[in-house]
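Colleague: Below you will find the structure I want to go over with you.
The values are calculated or read from the model by the stated rules, or taken from the named source; none is laboratory data. Bear in mind the structure is a predicted one, so any value in this text is a computation, not a measurement. No Cβ is skipped: glycine too gets one built from the backbone with ideal geometry, and neighbour counts run over all protein chains shown. When the accessible area is computed, the model is the full protein with side chains, heavy atoms only, and any ligands, DNA or RNA have been set aside. Shrake-Rupley method; radii C 1.70, N 1.55, O 1.52, S 1.80 Å.
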Amino acid sequence: MYSISFCVPSTTPLYNRPSIFKMVPFTPSNKLQQSTSSPTRINMMGKCSKSLMAFPILLLRTLCFLLFSQPLLSQENNFVRQPAAQLIITPHHRSHSDPQQVHISLVGQEKMRVSWITEDKHAESVVEYGTKAGEYSAKATGVYTSYQYFFYNSGKIHNVVIGPLQPGSTYFYRCGGSGPEFSFKTPPPRCPIEFVIVGDLGQTEWTASTLKHIDSSDYDVFLLPGDLSYADSQQPLWDSFGRLVEPYASKRPWMVTEGNHEIEIFPIIYPQGFQAYNARWPMPFQQSGSTSNLYYSFEVAGTHVIMLGSYTDFDSQSLQYTWLQSDLANIDRVKTPWVIVLLHAPWYNTNEAHQGEGESMRQAMEELLYEARVDLVFAGHVHAYERFTRIYDNKADSCGPMYVTIGDGGNREGLALM
């Protein structure tokens, strides 16, 4: 298991700091390091051209996981790929009217979306909630949807937005008026905040190990840069994935963006793709002015998080490009001094796997991120861990973002070749 923590006491964000992170320059011998019990710490070195004033402490702790029994890369750079872990199928043991696949996501500053599925088509889209177990002082009604994919018919997919909620508080809730009670903790109102970021999660024994490790941390928000279930058009695997992650996704907000395994296009019949993903994992895209669930942004505890879409149009004439320009221009760096971007296909990648697949998007959008002084960019897709120094236009640049690839969450395809 591999973990990396960004623990930066008393620092300011990139656009505003007199000094910035300095990473060890990339070489094959330090690209991947054997996991240790101590987190990697990033020291304040170097300089960026802009300096204004100090901001509160931000703790960004990122847990990245390589789930295998032996080190991935030795000091001699001899790599042995581990076999893919066994697929886990998670069955449904509740009644037709009881909620399953429960997960939550942030909606604005004070609200939460609760999503779940029932096999009973007459089940209500309602959530009861309160701050004491078994006592529900509030109630909200939402909407529902369903979809068909060839001979598969989904259950009734419920989405209910609850709130306003108090920050840093625990709420207890029940979905649809029956079934088990769930609980979640809202994020803090300000820094420090702790994120868990995992790419290419899947549903294997490795996935289960990743989730178990995540559950040992009292984090605030889960971020997933694409490739969730690895259903690949096998729709029952979406249901299995939802049940597998429910114990975790029902108690902390999960914010996701799409990967290539969410596309599920079939020519003529399903030409647009993302049908299951959009129905099952709605994100707060409208709140950020986006017209698509495939890209959006949100703010939490002094951090502006941008989720980009690697598999929708991104050239300078596209809706996503125009939206990104506007979103970056409207960030209030006094209110949210930290800016983080997530996308699926990495823009920088020295691995043989998926080499160059993010290049066209990099060429189209990298300058926007650079001019906005984005702090960090996380990607998945490549089933390995890799961290770059601050970079812009393929050259080390102290004012560029730091790029991290974390596509090793537990997918069924195993780890990437070097």
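Colleague: At R0 = 25 Å, how high is the FRET efficiency between residue 143 and residue 87 if r is their beta carbon distance? Nearest 0.05 is fine. Spell out each step's value before the answer.
Modeller: Details: r = 32 Å, r/R0 = 1.30.
Efficiency, from the Cβ-Cβ distance: 0.15.
Colleague: What is the distance in Å between the Cα centroid of the range 230-305 and that of the range 324-378?
Modeller: Rounded to whole Å, the Cα centres lie 19 Å apart.
Colleague: Of the listed pairs 156/212; 111/132; 111/156, which have alpha-carbon separations greater than 26 Å here? Walk me through the numbers on the way to the answer.
Modeller: Working: 156/212 29 Å; 111/132 18 Å; 111/156 23 Å.
Long pairs (Cα-Cα over 26 Å): 156/212.
Colleague: Let me ask another. How big is the range 218-314 by Rg and Dmax over its Cα atoms, in Å?
Modeller: Rg, Dmax (Cα atoms, Å): 13.8, 46.
Colleague: In debye, nearest 20, what is the charge dipole magnitude of the range 96-186 about its Cα centre with +1 on Lys and Arg Cβ and -1 on Asp and Glu Cβ, if you could check?
Modeller: Working: 8 positive and 8 negative charges, 44 e Å.
Dipole size: approximately 220 debye.
Colleague: Sequence-distant or interchain residues sharing an amide H contact under 5 Å with residue 204, placed H: which?
Modeller: It is 88, by chain and number.
Colleague: Please find the FRET efficiency linking residue 413 to residue 313, where r is the Cβ-Cβ separation and R0 is fixed at 25 Å, and quote it to the nearest 0.05. Before the final figure, lay out the partial values.
Modeller: On the way: r = 27 Å, r/R0 = 1.07.
Computed FRET efficiency for residue 413 and residue 313 comes out at 0.40.
Colleague: I'd like the GluC sites (Glu not before Pro) in the range 166-210 restricted to DSSP loop residues with at most 15 other Cβ atoms within 10 Å, sorted by number. Kindly include the intermediate steps, with their values, before the conclusion.
Modeller: Values: sites: 181, 194, 205; in loops: 181, 194.
For GluC sites (Glu not before Pro) across the range 166-210 that sit outside H, G, I, E and B with at most 15 neighbouring Cβ atoms in 10 Å, the list reads 181.
Colleague: Keeping all protein chains in the complex and leaving out DNA, RNA and ligands, what accessible area do you get for residue 393 with a 1.4 Å probe, in Å² to the nearest 10?
Modeller: Roll a 1.4 Å probe over it and residue 393 shows about 70 Å².
Colleague: Quickly work out the residue 370-to-residue 178 label distance, labels modelled 7 Å from Cα along the C-beta direction, and quote it in nm with one decimal.
Modeller: Computed distance between label sites residue 178 and residue 370 equals 5.9 nm.
Colleague: Shape call for the range 127-203 from the C-alpha gyration tensor, a ≥ b ≥ c root eigenvalues: rounded (a/c under 1.5), prolate (a/b greater than b/c) or oblate?
Modeller: Numbers: a/c = 2.38, a/b = 1.27, b/c = 1.88.
Because a/c hits 1.5 or more and a/b fails to exceed b/c, the range 127-203 counts as oblate.
Colleague: Name the residues whose placed amide hydrogens come within less than 5 Å of the amide hydrogen of residue 107, ignoring near sequence neighbours (fewer than 5 apart) on the same chain.
Modeller: 112, 113
Colleague: How far is it, in nm, from the label point at residue 334 to the one at residue 394 when both lie 7 Å from their Cα along the line to the Cβ?
Modeller: Taking the simple label geometry, residue 334 and residue 394 are separated by 4.1 nm.
Colleague: Go through the range 277-293 residue by residue and turn each phi into a ³J(HN,Hα) via Karplus (6.51, -1.76, 1.60, θ = phi - 60°); whole Hz please, and just put x for glycine and proline.
Modeller: 4, 5, 6, 8, 10, x, 10, x, 5, 4, 5, 9, x, 7, 9, 9, 5
Colleague: In addition: Whole Å is fine, so just give me how far the alpha carbon centre of the range 122-176 lies from that of the range 83-97.
Modeller: Here the answer is 22 Å between Cα centres.
Colleague: Separate question: Out of residues 5 or more away from residue 147 or on other chains, whose amide H comes under 5 Å of its own, with H placed 1.01 Å from N in the peptide plane?
Modeller: For residue 147, whose amide H was placed from the backbone, the distant partners under 5 Å are 154.
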